[in-house]
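Shown next, in structure tokens, is the structure this report addresses.
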Amino acid sequence: MHNLILPCEVGVKTVLPAVKAIMARSIVEKHDLNEKQTADLLGLSQSAVSRYIGRERGNLLNIESTPEILALIDNLILPCEVGVKTVLPAVKAIMARSIVEKHDLNEKQTADLLGLSQSAVSRYIARERGNLLNIESTPEILALIDQMVNHIIKQPDNKTEFLKLFCQTCQTVREKGLMCPNCQKEMTKAWAEKCLFCRE
């Protein structure tokens, strides 16, 4: 009886390491991050990154001579990357304003509650920060943020529910396509025109 080998099994052993190797080298060489920072970014050990950079690992498949693949790897942008830059600050800004305006806490108390500096809270309240994404006109998102605010005020030590609500908020932002314009700025035009990832 022949062994049943699935393409994804082969891909995990060959394609994935080859892609990680190219990404590790690109991050270190083109973006001036050190091996430790690169390891943290890619979710790898520092020794794995070192082996990828030294070409001791990720070399079972030669994909470096394929321009289309290199372009995809170079332009790899994950929705979570864009979310951290846009959704997270927008949510924090609304939360900060809500805590100060609706719950009568001062900026220092709000900063302590949200794990931010007082100057960051001040900038969120003044709308100098957290305005790359407009989510204030979406009732479902505001309702989720209200739940997060109430939760963090009443149960500041219970982060699990808060994190679930935040993930739900981010997912709602993505499903409604509110993050798409920001994502599209980071993508090639060809990818931007075809991408429906968040709304599927």
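The values are calculated or read from the model by the stated rules, or taken from the named source; none is laboratory data. A quick note: this is a predicted structure, and the numbers were derived from the prediction, not measured. Note that we place each Cβ from the backbone using ideal geometry, even for glycine, and neighbour counts take in every protein chain shown.
Of note:
- Test for Ser117: is it over 22 Å from the mean Cα position of the chain (by Cα), among the small types (Gly, Ala, Ser) and in the same structural domain as Cys170 (by TED's automatic domain parsing): no
- For Lys30: the one exception among (1) surrounded by 12 or more Cβ atoms within 10 Å (Cβ to Cβ); (2) at pLDDT below 85: (1)
- Filter pass, Ile94 being in the same structural domain as Arg174 (by TED's automatic domain parsing) and at pLDDT 85 or above: yes
- Against the conditions (1) part of a helix (DSSP H, G or I); (2) touching a Ser or Thr at 6+ places or on another chain (Cβ under 6 Å), Pro89 satisfies every one except (2).
- Against the conditions (1) of a type in the set (A, V, I, L, M, F, W, C); (2) in a helix (DSSP H, G or I); (3) modelled with pLDDT of 75 or more, Val84 satisfies every one except (3).
- Close pairs from segment 107-127: first assigned to a helix (DSSP H, G or I), partner of a type in the set (S, T, N, Q), Cβ under 8 Å, at least 6 apart: Glu107/Gln118; Glu107/Ser122; Lys108/Gln118; Ala111/Ser117; Ala111/Gln118; Val121/Thr110
- Residue within segment 35-47 that is modelled with pLDDT of 90 or more and of a type in the set (A, V, I, L, M, F, W, C) present: no
- Filter result for Asp157 (assigned by TED's automatic domain parsing to the domain that holds Pro89, of a type in the set (Asp, Glu) and either at pLDDT 90 or above or assigned to a helix (DSSP H, G or I) (or both)): no
- Hey, Ile125 more than 20 Å from Val82 (Cβ to Cβ) and either out of contact with any Gly (no Cβ under 8 Å at 6 or more places or on another chain) or among the aliphatic types (A, V, I, L, M) (or both) or not: yes
- Only one of Ile153, Ile145 that is within 25 Å of Cys183 (Cβ to Cβ) and either touching a residue at least 24 places away in the same chain (Cβ under 8 Å) or surrounded by 12 or more Cβ atoms within 10 Å (Cβ to Cβ) (or both): Ile145
- For segment 129-142, a residue qualifies if it is surrounded by fewer than 17 Cβ atoms within 10 Å (Cβ to Cβ) and in contact (Cβ under 8 Å) with a residue 40 or more places away in the chain, and the qualifying residues are Asn131, Leu132, Asn134, Glu136, Thr138, Leu142.
- Restricting the first member to segment 93-105 and to residues that are closer than 15 Å to Ala120 by Cα, and the second to residues that are in a helix (DSSP H, G or I) and among the aromatic types (Phe, Trp, Tyr), the beta-carbon pairs closer than 7 Å and six or more apart or on different chains are Ala93/Tyr124; Ala96/Tyr124; Arg97/Tyr124.
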